[in-house]
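Report on one structure; see the data block that follows.
The values are calculated or read from the model by the stated rules, or taken from the named source; none is laboratory data. Since we're looking at a predicted model, the values are computed, not measured. Cβ: placed from backbone, ideal geometry, glycine included. Neighbour counts: every protein chain shown.
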């Protein structure tokens, strides 16, 4: 995936996130928006590029019962699970543990 393709894919991902937010009940709108914003920011921080972030969000993962993280973002509990996993990955990368190499997707 080249840089332009990754940028377009990332924009599509953002549009999907916005669609998920609109489906959620209005009473929890601020909390959901905050969660989606935190998922977005932490995914970019942990994965270090838009392409890698997009790939991670689209790839089925055993941490989410072999669903992609993206599919978990349509509920508050699912979004929290994604945040928890990103936090775990962030801690591992900062502690010097090995992580999946997504550097080719910059």
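Within the stretch 72-86, residues that are farther than 10 Å from residue 35 by Cβ have Cβ atoms under 8 Å from residues that are buried (at least 21 other Cβ atoms within 10 Å of the Cβ) and modelled with pLDDT of 85 or more in these pairs: 72/79; 72/82; 81/72; 85/69; 86/39; 86/43; 86/46, counting only partners at least 6 apart in sequence or on another chain. The criterion of at least 2 residues that are at pLDDT 90 or above is met, among helices (runs of 4 or more DSSP H) falling completely within the stretch 1-87, by 29-47, 50-58.
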